[in-house]
Structure formats: structure tokens, C-alpha cells
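Chemist: Following this message is one structure expressed as C-alpha cells.
All of the numbers you see were taken from the coordinates with simple rules; none came from a lab. Computed from a predicted model, the values in this text were never measured in an experiment. Every residue, glycine as well, gets a Cβ built from its backbone with ideal geometry; the counts of neighbours run over all protein chains shown.
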Amino acid sequence: MTEIKEDAVRAEVRAWLEANWNPAHGLVEWRLKLAESGWGVPHWPRRWYGRDLPVGLVPVVEEEFKRIGAIGVAKVGIRTLAAATILAHGTDLQKEKFLLRILTGEDIWCQLFSEPGSGSDVAAAVTRAEFRGNQWVINGQKVWTTSAHKAHWGLLLARTDWDQPKHRGLSYFILDMKQPGVTVQPLRQMNGYASFNQVFFTDAKVEPELLVSDVGNGWAVTTTTLMHERRGADALRSWAIPSDKPGRIYEEEREEIRTTMEPYKWYPQRAGRVDLLLERARATGKIDDPVLRQEIAKVLAMAKAAEWTARRARTAQEQGRPQGPEGSIGKLASSIIARTAARVHTALLGADALLTGDDSPMNGLLAEILVSVPASSIAGGTDEIQRNIISERVLKMPRERTGDTEKPFKDVPRNTVA
């Protein structure tokens, strides 16, 4: 029965694409058409630009897009986390305001979670949200915020009640990043990019209708965002290579990749570029080295196992099961694979792996891998955080006693001034 449904879906999307795809379309024009048809995000509800298809049938649709060379809706970056969170917790007003422009790529988003004094302990946020008059007023600081310098909207976690324990005094907001009370300062990374930023709020405003879920329920909403982030930890492993095909829509996509999505350009390098290992082994003449062959085989086996884990996560989603700890397993696996791949790249090249410039191996790409890979063990929650989640939720080990989860947050010692 599943095969019959697959065939029916394939036939339907193929017929729709053949009747509607045209490279002469503008990028936003085409994505609007896709959203109206439901084929851009077929697993979403019909009311919100989808077709209510099981997640397991999404690859069938994607195969037909790839076959004809059709461009899909905007699906790279924090916007995907924003969409998943708004779908799960947002009001109809929020869905009407944001979902369509997320799919067309007209709005850029950022995630305002991490703070200088709390690192991966997201629930220890001290950025304040106070209700004054008829709106929320935000004061504080966030850091390591990808695309904040380009973003129109931010997913903000802020503290609304200091008398509650740290997880229960938080609320979740959608914040206008272009308002006067928001200051963004880019941070230069050791790989030469400036994707991350620190963000300062000085009496920034949020309208009441942009509170997501209830006051004090911010941690539950944040958990949804984080689980989607971890489940898709390696989603940017294969960066979208712009097509060299002629046509207005391809030209506009190339420009989008060059500008709007530039902060994500180095993400495949932070994943270790497992896809280059065999090619580099042949190029360096070390493909027959028995020790290196064993190391390459180890990385490829780990990558395949991680792919199967991701498929299990997608199957769970298809069956309607809530986001679970499998996202943390995948996230931890991706960082282990990245570090192992970086070591193999170094073994293949030796000291030359550190060279940059036009006369270096692959024009410095391999050196970029080495200085980018450490980010995979930090971004989206450190390896230590993922191990804690796995130990508690998968292995059922007793929860670590930290002493700060039950007392009012105002009484918890902190290394920053609130």
C-alpha cells in the first residue's frame, strides 16, 4: 500500500512540475506558486501551505524536483527552526504573518538563545522581558547569533519571572531585529568568516501578539526549537551548489546564495568534508596505505551509521512521535565524525594541511576544514550537553544534581550581573 501511495504522489508532483516549472519565473514568484500548491513543504498541514503527507514521502517529492531541476522553497538556515516552532506553538496570527515569507525566503531569521554568562545552559538566560504599558520591553545581551546582522526577525528567549526556578521563568518571543533598540556587532572567526554576532537590547519592543505560547512556557517552546536544530544538525553538510543553468530563477538563486545565505557558506567544512576523503587519498597517492585506508573506512562507516540514525528520526516524525533524544545522538555523532575526518585529512596531507592561499591544497579549503571543525562540537549545544541528554533520556541514568533547578532564579549564583 505504501508503494502505491508513493507512486501516486510521484505521479502527481511530476505532473504538477511539468505543467508549472519555468526557469523564467522570478525566485519569489515561483516559491509563492509552490506554497499555494503545497508541494514546497508537502508534510505541512494543508491549511499552512502543505499537503498533509507523511514525512517519509518527502524524499519522493524532492527526487522529482531534482529530476527536473526545479528550485524548492527556502529551507536553509534558522528560518527552518522558526517555521517548525511557529507551526508547533504559534497562533494563527503568527502563522499567517510569518510562514509564507519564510517559504519564499523574503524574511531572514536568527536565534537569540545563547548568552555570554551561560554558554550552553540556555535556561540560565538573564536577558529581561518586562511588560510595560501594552508591550514587552527587552534588555540584555545574546551572543554567537548566526545571521543577526542580516536578520529581519529573531527567536528570543528571555526571562519574565525571577521568582520562578530558571526553567519556569522564561518566555519565548518573536523580535523585530530592525528596530532602534537592537544593536548587532559581528564577531570574526578564526576561519576568516563573520557569521556570528553579539546582539544588545536596550529597551527593544515586542508587541503582545508576538509572544509565542504562554508567559512562563518559554522553555517548552525552546525545547522544540533545539530538538529540531539537533535533528537537523548535519542538514547543511551538503551546501547548495548554485546551478550554472540559464534562466532568471537560477540567476536569482545564485544571488541569494552569494548574499543572504553567505553566513552558512563554511558549514560543510565544519562537518569535516567526509565526501572529499577518498578523492584526497587518491590525489595524494596514499589510497593504498593500509593504515589510512582503515581510518577512511572508519569515517565512512560512522557517516553511514549517522545517516541511518537520521532516517530513524525521520521515521519517528512520520509516525507522529514527538521530537526525542535521537536528535542529540545525531548531533553528537556529527561532531565526532567531523573531528575524525579532520584528523584523516591531516594524516593525508601532513603539514601542508595548514597551508592557505592559491597555491595550497584545494586553495586553502582543507585548512578551512581544520579550523572550522571545532565549531561542530559547540554549535547547537556542546558535546557535553548532548551526552547529558543521552545519559538521562536514553540510558535512564539519574539526573545530575546542579542545585539551581528548584530555587527561585534570583537566588541562583551567577557570573554575570542581571
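Chemist: Please identify the DSSP H helices in the chain that span no less than 30 Å along the helix axis (Cα) and have a mean Kyte-Doolittle hydropathy of -0.5 or more.
Modeler: 290-318, 326-349
Chemist: With point charges of +1 on the Cβ of Lys and Arg and -1 on the Cβ of Asp and Glu, referenced to the Cα centre of the stretch 107-218, which listed residue (138, 165, 201) lies farthest in the positive direction of the dipole?
Modeler: Positive-end residue among those listed: 201.
Chemist: In which sequence would 131, 113, 196, 173 go, from the one with the fewest C-beta neighbours within 10 Å to the one with the most?
Modeler: Listed from fewest to most nearby Cβ atoms, that is 131, 196, 173, 113.
Chemist: About the Cα centre of the stretch 78-127, what is the dipole size in debye to 20, counting +1 per Lys and Arg Cβ and -1 per Asp and Glu Cβ, all else neutral?
Modeler: 120 debye
Chemist: Here's something else I'd like to know. Can you tell me how the stretch 273-398 classifies by the Cα gyration tensor, rounded, prolate or oblate, using a/c under 1.5 as the rounded cut?
Modeler: prolate
Chemist: Could I ask something else about it? Of the chain, which part is the longest with no GluC sites (Glu not before Pro) in a loop (DSSP not H, G, I, E, B) and with at most 16 other C-beta atoms within 10 angstrom?
Modeler: The longest such stretch corresponds to 107-399.
Chemist: Sticking with this one: Before rounding to the nearest 500, sum -39500 (n - 2.57) across all DSSP H runs of length at least 4 in the chain and divide by the residue total; then give [θ] at 222 nm in deg cm²/dmol.
Modeler: One gets -13000 deg cm²/dmol as the mean residue ellipticity at 222 nm.
Chemist: Using 0.36 nm per residue of separation minus the Cα-Cα distance, give me the extension gain between residue 400 and residue 294 in nm, one decimal.
Modeler: 34.4 nm
Chemist: Given R₀ = 45 Å, what would the calculated FRET efficiency be for residue 55 paired with residue 359, taking r from the Cβ atoms and rounding to 0.05?
Modeler: 0.45
Chemist: I want the local charge near residue 345. Using Cβ-Cβ distances under 10 Å, sum +1 for each Lys or Arg and -1 for each Asp or Glu among the other residues.
Modeler: +3
Chemist: When only C-alpha pairs under 8 Å and at least 6 residues apart count, what is the relative contact order of the chain, in percent?
Modeler: Computed value for the chain: 15 percent relative contact order.
Chemist: Please find the FRET efficiency linking residue 279 to residue 37, where r is the Cβ-Cβ separation and R0 is fixed at 22 Å, and quote it to the nearest 0.05.
Modeler: Between residue 279 and residue 37 the formula returns 0.05.
Chemist: Tally the DSSP beta bridges in the chain and give the antiparallel ones as a percent, rounded to 5.
Modeler: 85 percent
Chemist: Pick out, from 222, 329, 156, the residue whose Cα sits farthest towards the positive end of the charge dipole of the chain, with +1 on the Cβ of Lys and Arg and -1 on the Cβ of Asp and Glu.
Modeler: 329
Chemist: Based only on other Cβ atoms within 10 Å, what is the fewest-to-most ordering of 226, 93?
Modeler: In increasing order of surrounding Cβ atoms, one gets 93, 226.
Chemist: Would you work out the charge dipole size for the chain about its Cα centre, treating the Cβ of every Lys and Arg as +1 and the Cβ of every Asp and Glu as -1, and quote it to the nearest 20 debye?
Modeler: With Lys and Arg at +1 and Asp and Glu at -1, about 680 debye.
Chemist: In debye to the nearest 20, how big a dipole does the stretch 2-73 give about its Cα centre with +1 on each Lys and Arg Cβ and -1 on each Asp and Glu Cβ?
Modeler: 200 debye
Chemist: Next question. Testing the spin-label approximation: label points 7 Å from Cα along Cα→Cβ at residue 132 and residue 20. State their distance in nm.
Modeler: Each label point is offset 7 Å from its Cα along the Cβ direction, giving 4.7 nm.
Chemist: Mind listing which trypsin sites (Lys or Arg not before Pro) in the stretch 343-412 are in a DSSP loop and have 16 or fewer other Cβ atoms within 10 Å?
Modeler: 396, 399, 401
Chemist: Here's another thing I want to ask about it. Give me the distance in nm between label points sitting 7 Å out from Cα along the Cα-to-Cβ direction at residue 67 and residue 10, one decimal.
Modeler: The two pseudo-label positions are separated by 0.6 nm.
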